[in-house]
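Comments concern the structure below.
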Amino acid sequence: MNQLHEKYAKEIAEILAKYPADRKRSAVMPLIYLAQRDGNYITKQEMSEIGEILEITTTEVASIVGFYTLYHDKPGGKYRIQVCTDMPCALRGAEEFLVNLCENVGVKVGETSEDGLFSIEAVMCLAACDKAPMFQVQSDDGIEYHENQTVEDTRALIDGWKKKEG
Amino acid sequence: MAEHKVTGHRILLRHRDIPEIGKFEVYTAQGGFDTFKKVVTTMQPADVKKLVLDSGLRGRGGAGFPTGRKWMFVDDNNWPHYLVVNADESEPGTFKDREIMERNPWQFLEGIMCSAFAIGANEIYIYLRGEFWQLAHELDRQIGRLRKEKLLGEKLFGSDYSLNIFTHLGAGAYICGEETALLNSLEGVLGQPRLRPPFPPAVGLYDKPTVVNNVETLANVALILEKGADWYRSFGTTESAGTKVFSLSGRVNKPGNYELPLGATYRELIYEYGGGIIDNKKIKGIMSAGASSAVIIANDEALDTPMAYESVPKLGADLGSASVIILDETVDMRWLINKTIHFFNHESCGKCTPCREGNYWMRHLTERIWHGQSDQSDVILLDNVAKNMQGKCLCALGEFSTMAVVSSIERFPEDFKA
Ligand SMILES: Cc1cc2nc3c(=O)[nH]c(=O)nc-3n(C[C@H](O)[C@H](O)[C@H](O)COP(=O)(O)O)c2cc1C
Ligand code: SF4
Ligand code: FES
């Protein structure tokens, strides 16, 4: 039984309709996103289910997962805070922001908060270089940009999640 | 017939003059999609291609290739054809395509629709970097609206022409902005570059003739078709027609996107529009095309150089995607190249040895040099590694990775003295 298919039959049909019928492996990237929608990472089981839907091997799906930074094969924070520290942002204080943020919330870069709520990562340019310091948040709800940030702004955002997830 | 309103030299960032242009009703009240209808019902694809060629429009994704000429390479003996829009926008320092698609979406969509007709494509794929997740969902809604308005779909306006648009999200890989890696990624295989030739207009998506163009390039097309090639050429220089969105970042007071006629000078961009350097510091260097570019010494000659495809090479750099990163006297070039190499080492797709190994070595060397754990011999070695990579890599990323390194060592030697 293909659980991914059971759960998202309608979405999967819509995704497959975007590509020629004999080229359905094109759907691998959107299907990985779909699998990540629950828990913000993809399991081995889900990879094999995607392989089954697209008639490719689990290894092929796994290699695609490994190639891209927005796919995760291990659980991280429910909210992944991805701070851009690439050169243009670093010229506008992004590195100091990251250090101060980590200190303030007591979580190191690459680590997850004890309650599993959020993790902090340093990432490459996000096409918002004029609005540094900035980060994106990747969660089950997709990806959201937060620009011109202060540590206080970010702290308030995290407190908001804490309340929401209660 | 209503016409698209252009204020001064703002062709692309028209939302700054017409705040509600993101609304379908506002865009159509201004003649939006009249051009698309006119093109489909009264023009031949060859006429559209000719007009775009005559306008002098060149690719805004980096290479500056004449758009009309690229379209004319599409193989008419092999069908179907595809139009693929490059919305991967991942070059550090580049944030123009995002503003165009977010704020002036209908002009972008009308542009890609007219372009698809010109090359005989019935399907458009917009490949967006994965981080543009919200933007992709907004575009999906807008595409739905166009279908409802019968501006997309089968047999448009009673003609034989059918057109559909699909969005496809990447997932965080700079290399997927390279057009053949992008096509591989879209086909569901690893996003690594293909050997060329053949080029996409001969063999592209699903082995079919394909045009890959940048967002900004195509966002010009509807207005060019409405107002004519001569109108477009009234902006810019002879070899660099039209306007360009400059993404200005780094050590300036007012970073942001500025649309200027090609041929405007760096001085205008940095001091008139960008408000000058932070804390009135002295400007040191200019990166003209994001992290991929050579670093220009920001002297008076450079500041007075026109930002045009033919002029920037005189400074030993390229106009590229026109992502202008400003470095001031507080920036140490050892820090700078350590940052750029960190990026390229992370983004090298690993397919060819010179780029994969070269970046690995450069990464170690720039780390050591920046942290002062080395002597002059490491700088010489770094320079050697970079120069040995040049001309040997499978795609331009490998070449890009060496640009800041080689130019910084050559042009800012004082920063590398131990
Ligand atoms: C490593 C690399 C990254 C690139 N990234 C982009 C990009 O993000 N967006 C883009 O439009 N072109 C990018 N390009 C250029 C494309 O390969 C291609 O030339 C361009 O999309 C063609 O469109 P144009 O003629 O309209 O400029 C990149 C090229 C290389 C080598
Ligand atoms: S030059 Fe670098 S990015 Fe390009 S194919 Fe080779 S390894 Fe991949
Ligand atoms: S460098 Fe941070 S968004 Fe571009």
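Between chains B and A, what is the buried accessible area in Å², counting both sides, with a 1.4 Å probe and ligands, DNA and RNA left out, to the nearest 100?
For chain B against chain A, roughly 3900 Å² becomes buried.
Mind listing the phi-derived Karplus ³J(HN,Hα) values for segment B:171-177, rounded to whole Hz, using 6.51, -1.76 and 1.60 with θ = phi - 60°, and x for any glycine or proline?
8, x, 7, 4, 4, 5, x
Longest segment of chain A with no GluC sites (Glu not before Pro) in a DSSP loop having at most 10 other Cβ atoms within 10 Å?
Answer - A:56-113.
For segment A:150-159, what does the Karplus curve 6.51 cos²θ - 1.76 cosθ + 1.60, with θ = phi - 60°, yield as ³J(HN,Hα) per residue in whole Hz, taken in order and with x for Gly and Pro?
Calculated HN-Hα couplings, in order: 10, 4, 4, 4, 5, 4, 5, 4, 5, 4 Hz.
Assuming R0 = 45 Å, what is the FRET efficiency of B:N78 and B:D375, from their Cβ-Cβ distance, to the nearest 0.05?
0.20
Give or take rounding to whole Å, what are the principal axis extents of the alpha carbon atoms in segment B:162-265, in descending order?
42, 39, 28
Can you list which of the chymotrypsin sites (Phe, Trp or Tyr not before Pro) found in segment B:71-146 are DSSP loop residues with at most 15 other C-beta atoms within 10 Å?
Hits after loop and neighbour filter: B:F73.
What do you get for Rg/Rh of segment B:243-328 when both radii come from the Cα atoms and Rh is the Kirkwood radius?
Result for segment B:243-328 is an Rg/Rh of 0.91.
Can you compute the helix-only [θ] at 222 nm over chain A? Use -39500 (n - 2.57) per DSSP H run of at least 4 residues, normalise by all residues, nearest 500 deg cm²/dmol.
-12500 deg cm²/dmol
If I fit a long axis through the Cα atoms of helix B:105-119 and take the longest principal axis of the Cα atoms of chain B, what angle between them do I get, 0 to 90°, rounded to 10?
80
Please list the non-local residues whose amide H lies under 5 Å from the amide H of B:F73, H modeled 1.01 Å from N, same-chain partners needing a gap of 5 or more.
none
Quick check: the angle from helix A:94-105's long axis to the longest principal axis of chain A, C-alpha only, nearest 10 degrees?
90
Based on Cα coordinates alone, diagonalise the gyration tensor for the protein assembly as shown, multiply each eigenvalue by 5, take square roots, and list the semi-axes in whole Å, largest first.
35, 31, 24
Taking loop as defined by DSSP and a crowding limit of 14 other beta carbons within 10 Å, which GluC sites (Glu not before Pro) in segment B:200-254 fit?
Of the GluC sites (Glu not before Pro), the ones in loops of segment B:200-254 whose Cβ has at most 14 other Cβ atoms within 10 Å are B:E239.
Would you kindly work out the equivalent ellipsoid of chain B from its C-alpha gyration tensor and give its semi-axes, the square roots of five times the eigenvalues, largest first in whole Å?
Value: 38, 25, 18 Å, ordered largest first.
Considering only DSSP states other than H, G, I, E and B, which GluC sites (Glu not before Pro) in segment B:307-356 qualify as loop sites with at most 14 other Cβ atoms within 10 Å?
Here the sparse-neighbourhood loop sites are B:E329.
Let's test the formula: R0 of 56 Å, r as the Cβ-Cβ distance of B:K148 and B:E357. What FRET efficiency results, to the nearest 0.05?
The computed FRET efficiency comes out at 0.60.
Could you derive backbone 3J(HN,Hα) for segment A:124-133 from the dihedral phi with the Karplus parameters 6.51, -1.76 and 1.60 (θ = phi - 60°), listing whole Hz in sequence and x where the residue is Gly or Pro?
7, 2, 10, 6, 8, 4, 7, 10, 6, x
Taking a ≥ b ≥ c as the square roots of the Cα gyration tensor eigenvalues, with a/c under 1.5 meaning rounded and otherwise prolate when a/b beats b/c, else oblate, which class fits segment A:3-67?
Oblate.
Hey, rough spin-label estimate for B:D54 and B:H364, points 7 angstrom out along Cα→Cβ, what's it come to in nanometres?
6.0
Given a cut-off of 27 Å, what percent of all Cα-Cα pairs of segment B:14-233 lie beyond it?
26
Calculate the length of the line joining the C-alpha centroid of segment B:85-116 to that of segment A:93-166, in whole Å.
With segment B:85-116 and segment A:93-166 each reduced to a Cα centre, they are spaced 27 Å.
Mind jotting down the three principal axis lengths of chain A based on Cα atoms? Whole angstrom, largest first.
Computed over the Cα atoms, the extents are 49, 35, 25 Å.
How are the Cα pair distances of segment A:79-165 distributed, in percent, across 5 Å bins from 0?
Whole-percent P(r) values from 0 Å outward: 3, 15, 29, 28, 17, 6, 1, 0.
With Kirkwood's inverse mean 1/r over C-alpha pairs for Rh, give me the Rg to Rh ratio of segment B:333-416, two decimals please.
With Rh from the inverse mean 1/r over Cα pairs, Rg/Rh is 0.94.
Relative to the first principal axis of the alpha-carbon coordinates of chain B, what is the inclination of helix B:376-389, with its axis defined by its Cα atoms, in degrees from 0 to 90 and to the nearest 10?
Taking Cα atoms only, the helix is inclined about 30 degrees.
The values are calculated or read from the model by the stated rules, or taken from the named source; none is laboratory data. The structure presented is a predicted model; accordingly, all values stated were derived computationally and were not measured. Virtual Cβ from ideal backbone geometry, glycine too; neighbours counted across all protein chains shown. Each accessible area value is taken on the protein alone, full model and side chains, heavy atoms only, with ligands, DNA and RNA left out. Shrake-Rupley method; radii C 1.70, N 1.55, O 1.52, S 1.80 Å.
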